[in-house]
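Asks: My questions will all concern the structure given below.
Nothing in this text is a laboratory measurement; each read-out follows from the coordinates by a stated rule. Keep in mind that what you see is a predicted model, and the values were worked out from it rather than measured. Here Cβ is always computed from backbone atoms with ideal geometry, including for glycine, and neighbour counts include all displayed protein chains.
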Amino acid sequence: METTRERHILAFSGGSGSGYALRLLEHASLMPHDFHLVFSDNFFRVLEKEFKLPADFDQSASITVSKVHSLLNFLFGSKDRENNFKILPFRDIGSEAASGSASYKSMAIVPCSMKTLASISAGITTNLIERAADVSLKERRTLILVPRETPYSLIQIRNMETLTLAGATIMPASPGFYHKPESFNDLYDFIVDRILQHMKLPYRKITPWQG
């Protein structure tokens, strides 16, 4: 009998903090679950500013699963990755991720820009990230938003309050230090570990606090 694997949505907006997104993709690519990916128009523009990318990496070209895997291999080394990614078009609000009848377990937006956060808070759905988040809320699914902005304005704090009351989890990209990080990846992994915990995915990268 065929077993249907869990499906999760990973979305990436144009906020700063693309390293968190890359590490989340790196760990997701090694897990036996299916991940549907949505990249905003600005994500790769920010990525190009924050990371040294392969010389042949064309951020203006359409993103493909092969391109994602090549990027991960370039940054983190070649590995035996799962064939578990599917890319959904950012502008297609008719995609399967836009439907409440589609079977998804959770959604995470990493990083979550303040524009994206504000749109979701106001119920505005002009693209697939916003629509899928709106559906996650109405279907009472796990929705995790990872903002990196600092400081926060009162408007942004109130948007976070609204989303928290609506059932979302606001998880600022504020890593801890008790795991004695030695690299940027160690800091990214702290937040990724927390994201995966809240998505109910048992894939630990950080040893929990022992007291």
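Asks: Return the whole-Å distance between the Cα centroid of the stretch 102-122 and the Cα centroid of the stretch 13-69.
Replies: The two parts, judged by their Cα centres, are 16 Å apart.
Asks: Moving on. Given the alpha-carbon gyration tensor of the stretch 31-86, what are the semi-axes of its equivalent ellipsoid in whole angstrom, ordered largest first, with each equal to the square root of 5 times an eigenvalue?
Replies: Details: eigenvalues 78, 43, 18 Å².
Ellipsoid half-lengths, sorted descending, are 20, 15, 9 Å.
Asks: Please build a GNM for the chain, connecting alpha carbons under 10 Å apart, and tell me which residue among ILE109, ILE157, ILE120 fluctuates the most.
Replies: Of ILE109, ILE157, ILE120, the Gaussian network model singles out ILE157 as fluctuating most.
Asks: Another question, then. Give, as ranges by residue number, the residues of the stretch 35-62 whose backbone N falls under 18 Å from the point 7 Å along Cα→Cβ of GLU6.
Replies: Within reach of a label on GLU6, which here means backbone N under 18 Å from a point 7 Å along Cα→Cβ, the stretch 35-62 contributes 35-37.
Asks: Same structure again: If I model a spin label as a point 7 Å beyond the Cα along the Cα-Cβ vector, how far apart are those points for HIS33 and GLU82 in nm?
Replies: 0.8
Asks: What is the fewest-to-most order of TYR104, TYR152, TYR188 by other Cβ atoms lying within 10 Å of their Cβ? Mind showing how you got there, number by number?
Replies: On the way: TYR104 21, TYR152 14, TYR188 25.
Least crowded to most crowded, the residues run TYR152, TYR104, TYR188.
Asks: Moving on. In the stretch 1-36, which trypsin sites (Lys or Arg not before Pro) fall in coil by DSSP and have 14 or fewer other Cβ atoms within 10 Å? The partial results should precede the final answer.
Replies: On the way: sites: ARG5, ARG7, ARG23; in loops: ARG5.
When the trypsin sites (Lys or Arg not before Pro) of the stretch 1-36 are filtered for loop state and at most 14 Cβ neighbours within 10 Å, ARG5 remain.
Asks: Moving on. Calculate, in nm to one decimal, what ALA55 and ASP41 gain on full extension: separation in residues at 0.36 nm each, minus their alpha carbon distance. Could the numbers behind the result be given before it?
Replies: On the way: separation 14, 0.36 × 14 = 5.04 nm, distance 2.04 nm.
Roughly 3.0 nm would be gained on extension.
Asks: Are there any GluC sites (Glu not before Pro) in the stretch 118-197 that are in a DSSP loop and have at most 10 other Cβ atoms within 10 Å? List them by number.
Replies: Working: sites: GLU130, GLU139, GLU149, GLU161, GLU182; in loops: GLU139, GLU149, GLU182.
Those satisfying the criteria are GLU182.
Asks: About the Cα centre of the chain, what is the dipole size in debye to 20, counting +1 per Lys and Arg Cβ and -1 per Asp and Glu Cβ, all else neutral? Walk me through the numbers on the way to the answer.
Replies: Working: 24 positive and 22 negative charges, 68 e Å.
Magnitude of the dipole: close to 320 debye.
Asks: Based on the alpha-carbon set only, what is the convex hull volume of the chain divided per residue, in Å³? Intermediate results must be reported in sequence, preceding the final value.
Replies: Working: hull volume 30.3 nm³, N = 211.
Once divided by residue count, the hull of the chain is 144 Å³.
Asks: Another one. Say the dipole of the chain comes from +1 at the beta carbon of Lys and Arg and -1 at that of Asp and Glu; which of PRO111, PRO181, ASN159 then lies farthest toward its positive end?
Replies: Toward the positive end, the furthest listed residue is ASN159.
Asks: Still on this structure, please answer the following. Percent of Cα-Cα pairs more than 18 Å apart in the stretch 1-50, please. Each step should come with its number before you reach the end.
Replies: Numbers: 452 of 1225 pairs.
I get 37 percent for the Cα pairs in the stretch 1-50 exceeding 18 Å.
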